[in-house]
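Okay, so here's the structure we're looking at.
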Amino acid sequence: MKIVLIGHGKMGKSIEALAKKKGHEICLIVDEKNRDSVSNQELSTGDVAIEFSQPGAAVDNILRCFDAGIPVVSGTTGWNERLEEVKDICRKNNHSFFYSSNFSIGVNVFFEVNKKLAELMNHLDQYDEVLIQESHHIHKLDSPSGTAITLAEQLISGIDRLKFWRNYKGDENIAGGDDADAELPIFSTREDEVPGTHIVKYFSDDDEIEIIHKAQNRQGFAMGAIRAAEWLSGKKGVFGMQDLLKF
């Protein structure tokens, strides 16, 4: 498989190394240095594009791949406000798009556990406080993480009293107010070179329950992205990790 790699930061380099190890070819690398000069013809030399860039560049990168007729696997987060727009363009024009806020197999299992636990907790009024904690390396630009937002959206869908999420820095206090019972707080920290940790916590007067996913390295994310690229071959439409993993 010939891969166009868009974004050559820490994740891009991990994907590059693992793809080569699996026998794939990186036929083109696009980053901030050559992004404006790469033509659609050059993009079309690949069988698939794997896009891990920056929030401000993601939509343009994806749409350019559509124009070049190349399927796109994207893991860039921080641009959720335009995600449905991109999905609509993909469907209307018969393109191929695979998106996930997190390509780790373990995190996607974690998502399923989070949904089930929220369903159970919705009927247990004594657990009247729930929050999310997430930490990442200092180079991650978006806050909260895309993974934390996915977790939050699952909780809001599963727990009737929760209506919205609000992000806080790790050392901030919850704002409170008249809508406090409807708020799901997300506490975000950026420190050192940690790959990523996500915790969902429930509290009652008697105990607390938490589920946690802690990444050890970036290999799991890179492997998931490459598996998605392999799986996307020959398919048209919009897909995600639930399609790949058949959850």
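Among the residues of the range 212-225, the one identified as surrounded by 15 or more Cβ atoms within 10 Å (Cβ to Cβ), more than 18 Å from G23 (Cα to Cα) and at pLDDT 95 or above is H213. Of all residues in the range 109-122, those satisfying the criterion of being of a type outside the set (D, E) and under 21 Å from L184 (Cα atoms) are F110, F111, V113, N114, K115, K116, L117, A118, L120, M121, N122. F103 meets each of the listed conditions (1) loosely packed, with under 15 Cβ neighbours inside 10 Å; (2) closer than 14 Å to G146 by Cβ apart from (1). Taking the conditions (1) modelled with pLDDT under 95; (2) among the hydrophobic types (A, V, I, L, M, F, W, C); (3) surrounded by 13 or more Cβ atoms within 10 Å (Cβ to Cβ); (4) closer than 30 Å to L124 by Cα in turn, V194 satisfies each one other than (4).
I'm trying to understand the selection: among the residues of the range 167-191, which are modelled with pLDDT under 95, more than 30 Å from Q219 (Cα to Cα) and within 20 Å of the chain's Cα centre (by Cα)? Scanning the range 167-191 gives no hits.
A Cβ distance below 6 Å, combined with a sequence gap of six or more or placement on separate chains, defines the contacts here; from the range 226-247, residues that are buried (at least 20 other Cβ atoms within 10 Å of the Cβ) reach residues that are of a type outside the set (A, V, I, L, M) in the pairs A228/F98; L232/P71; L232/S96; L232/F98; F239/F98; M241/S100; M241/N108. Counting residues in the range 139-158 that are without any contact (Cβ under 8 Å) to a residue 24 or more places away in the chain, within 16 Å of the chain's Cα centre (by Cα) and at negative phi gives one or more.
The criterion of at least 3 residues that are of a type in the set (F, W, Y) and not assigned by TED's automatic domain parsing to the domain that holds A49 is met by the following strands (runs of 3 or more DSSP E) wholly inside the range 142-247: 164-169.
Checking the structure you have, find out if any residue of the range 190-199 is over 29 Å from K169 (Cβ atoms) and basic (K, R). For the range 190-199, residues over 29 Å from K169 (Cβ atoms) and basic (K, R): absent. If you go through the range 33-43 and keep only what is in contact with a Gly (Cβ under 9 Å, 6 or more places away or on another chain) and surrounded by fewer than 16 Cβ atoms within 10 Å (Cβ to Cβ), you end up with just N40.
The values are calculated or read from the model by the stated rules, or taken from the named source; none is laboratory data. Every value quoted in this text rests on a predicted model; they were computed, and no experiment measured them. In this analysis, Cβ positions are derived from the backbone assuming ideal geometry, glycine residues included, and neighbour counts consider all displayed protein chains.
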